[in-house]
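Notes follow the structure.
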Amino acid sequence: MIASVRGAVTARKPDHVVVECAGVGYRVAVSAETLKAVPAAGKDVLLHTHLVMRDDAMHLYGFSSEEERELFLMLIGVQGVGPKVALAVLSGGRPRELLNAIATGDSARFQAVPGIGKRTADRVIVELREKVAGRVSEEIVITKSDDPRILARQGLESLGFSAQEADELLDAADGESAEDLIAAALRAAR
């Protein structure tokens with residue numbers, strides 16, 4: 001198995017990169033999160049990899065961290081989740097955020113991924129919840145709060161805003177409920 005690839009990036013595409021190692025170019029499928037960590041063409045990169053062999057092809061999947069690769073391996077272990085769907089899931093956020101979503105049973109986060117319906121999202125949570133329970137570190141705080149500002153911040157983060165962007169948008173927003181705050185923040189973001 002090919003555990004990692006280190007070399008010069010020769011191509012960066014939305015769904016893969018090509019890394020040249022000792023004169024051989026490896027086409028490595030990557031998530032959007034990993035692509036953010038891959039430097040421009042000509043620069044060196046180290047990707048942790050997983051090789052999937054099929055009857056008709058070999059596919060190499062790359063990850064910017066060991067944690068992301070481990071989550072990928074857990075996801076493809078779930079019935080109905082193949083490597084492409086697992087990469088789509090990983091494109092939806094950082095590994096710690098996804099582990100937190102599994103631990104808290106956030107099925108909606110997985111249903112938003114193309115290729116995952118309600119049953120598959122529920123299956124991911126049921127099959128992986130116990131596995132990730134030991135991996136969810138103390139750094140991840142599962143917040144149960146009635147504070148509209150905290151709920152609105154979490155809502156904006158789930159829409160793809162960074163924590164800093166969410167805070168800046170909420171500073172300029174007025175509203176009584178989390179929904180009002182999110183709506184006002186989104187209007188201000190335009």
Treating only the Cβ of Lys, Arg, Asp and Glu as charged (+1, +1, -1, -1), what charge dipole size does the chain show about its Cα centre? Round to the nearest 20 debye.
820 debye
For the chain, how many pairs of lysine residues have a Cα-Cα distance under 19 Å, where the two are 8 or more positions apart or belong to different chains?
5
Which shape class applies to region 66-133: rounded if a/c is under 1.5, otherwise prolate when a/b exceeds b/c and oblate if not, where a ≥ b ≥ c are the square roots of the Cα gyration tensor eigenvalues?
rounded
In deg cm²/dmol, rounded to the nearest 500, the helical mean residue ellipticity at 222 nm of the chain, built from -39500 (n - 2.57) for every DSSP H run of length 4 or more, is -13500 deg cm²/dmol
Relative contact order (percent, whole number), the chain, Cα cutoff 8 Å, 6+ residue spacing:
13 percent
Out of Ala29, Thr49, Thr10 - ranked by how far each Cα lies towards the positive end of the dipole of region 4-63, with unit charges on the beta-carbon of charged residues - the top one is Thr10
Other residues with Cβ under 15 Å from the Cβ of Ala184 give, with Lys and Arg +1 and Asp and Glu -1, a net charge of -4
For region 1-55, just say rounded, prolate or oblate: build the C-alpha gyration tensor, square-root its eigenvalues into a ≥ b ≥ c, call rounded for a/c under 1.5, and beyond that prolate if a/b exceeds b/c, oblate if not.
oblate
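Any read-out appearing in this document is the output of simple, stated calculations on the displayed coordinates, not a laboratory observation. All figures in this text were calculated on a predicted structure; none of them were measured in a lab. Methodologically, a virtual Cβ is constructed for each residue, glycine included, from the backbone with ideal geometry; neighbour enumeration extends over all protein chains shown.
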